[in-house]
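The values are calculated or read from the model by the stated rules, or taken from the named source; none is laboratory data. None of these values were measured; they are calculated from a predicted model. Here the Cβ is made from the backbone with ideal geometry for all residues, glycine too, and neighbour counts use every protein chain on show. These area figures cover heavy atoms from the full protein model, side chains too; ligands, DNA and RNA do not enter into them. Shrake-Rupley method; radii C 1.70, N 1.55, O 1.52, S 1.80 Å.
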Amino acid sequence: IIKSNTKDLSSKVKEKMADFGIAFDGDMDRVVFVDEKGEFVNTSNLGALLAKHLLKNNRREDEVIIYSSAASKIIYDTALRYGGKPIREKVGHAFIKGRMKETNALFGMEHSAHYYYRDNYYADSGLITSLLVLEIYSQAKKHGMKFSDLLKEFDVYAQADEVNITLKDNQNILGRIEKHYKAKKPKKIDYFDGLTIEFDDFWFSIRKSNTEPLLRVNLEDRDIKIIKEKLEEVLSLVKK
């Protein structure tokens with residue numbers, strides 16, 4: 001997602017004092033939002049809002065919520081908080097949709113602004129997402145809430161923008177990075193979807209693109225003040 005592509009939308013929202021703004025991609029399977037201040041809404045936080053709404057309005061217990069490996073941990077936290085069962089899946093339409101079918105999941109999401117619904121044959125839809133968000137906001141507005149107020153509950157983690165690095169050669173990059181961080185005694189290391197290393201306060205993942213000769217780096221921390229420092233450290237190791 002290139003946030004700068006929503007610059008004109010943000011300006012128009014502020015100019016018209018609109019409640020929020022919506023932007024679709026070309027085929028409308030992806031959708032992003034900006035709040036009443038013109039600020040880009042984190043796609044995982046939006047996913048958490050949708051998961052909360054769908055879980056609260058569904059009578060079954062332990063409804064499955066699928067989220068991509070690069071999405072924020074807020075999806076996992078929110079699903080548990082509202083009685084759902086969060087399941088992590090590899091990045092990619094085929095993986096998310098396949099796992100949703102397998103588990104009869106209520107909802108699925110990717111950090112790339114794809115949102116999937118059981119009632120839409122497990123497929124993603126930007127239009128359904130926008131209508132659900134309109135429904136959620138219309139109720140909140142009756143209580144004097146602004147769009148940004150809907151997201152405050154999920155503003156727990158600081159997530160860096162995904163960084164893409166051209167992959168010139170392999171040379172066991174992931175193994176080298178694992179060795180470096182293993183000495184720091186991480187909470188968890190896995191190769192479920194590329195390499196993911198998790199500490200108490202932050203985690204990062206490095207995975208090969210499914211479609212391009214790129215390494216995709218995602219990182220999240222509870223402290224926004226040091227996320228840039230953590231990201232630079234990881235990127236310096238990748239590029240070494």
Suppose all protein chains stay in the model; what accessible area per residue would a 1.4 Å probe give for the chain, in Å²? 54 Å²
Tell me the Rg and the Dmax, in Å, that the Cα atoms of the range 184-224 produce. 11.3, 33
From DSSP H assignment alone, runs of 4+ in the chain each adding -39500 (n - 2.57), the sum over residues rounded to the nearest 500 puts [θ] at 222 nm at -11000 deg cm²/dmol
Sequence-distant lysines (8 or more away, or on other chains) whose Cα lies within less than 20 Å of Lys225: Lys73, Lys152
Taking the chain as a Gaussian network, Cα atoms linked when under 10 Å apart, which of Ala79, Ala158, Ala94 shows the biggest mean-square fluctuation? Ala94
Could you name the aspartates and glutamates whose alpha carbon sits less than 17 Å from that of Lys240, not counting residues in the same chain fewer than 8 places away? Asp169, Glu178, Glu229, Glu232
Mind checking which aspartates and glutamates have their Cα closer than 18 Å to the Cα of Lys168? Skip sequence neighbours fewer than 8 apart in that chain. Glu212
So which GluC sites (Glu not before Pro) in the range 52-142 pass both tests, a DSSP loop state and at most 12 other Cβ atoms within 10 Å of the Cβ? Glu61
Scan around Ala158 for amide H atoms under 5 Å from its own, H built in the peptide plane at 1.01 Å from N, and keep only partners 5 or more places away or cross-chain. Asp221, Arg222, Asp223
Where is the GNM fluctuation largest for the chain (alpha-carbon springs, 10 angstrom cutoff): Tyr157, Tyr115, Tyr67? Tyr157
Over 18 Å between C-alpha atoms is what I'm after, so list which of Lys3/Lys52; Lys56/Lys97; Lys85/Lys182; Lys182/Lys230; Lys179/Lys239; Lys185/Lys228 land there. Lys3/Lys52; Lys56/Lys97; Lys85/Lys182; Lys185/Lys228
Please label the shape of the range 59-181 as rounded, prolate or oblate, based on the square roots a ≥ b ≥ c of the eigenvalues of the alpha-carbon gyration tensor (a/c under 1.5 means rounded; beyond that, a/b larger than b/c means prolate, else oblate). prolate
Among Val234, His111, Asn58, whose Cα lies farthest out toward the positive end of the dipole of the chain, if unit charges sit on the beta carbon of Lys, Arg (+1) and Asp, Glu (-1)? Val234
Restricting to Cα pairs under 8 Å and 6 or more apart, the percent relative contact order of the chain works out to 15 percent
Full-stretch length increase - Asp149, Asn58 - with 0.36 nm per residue and alpha-carbon distance subtracted: 30.4 nm
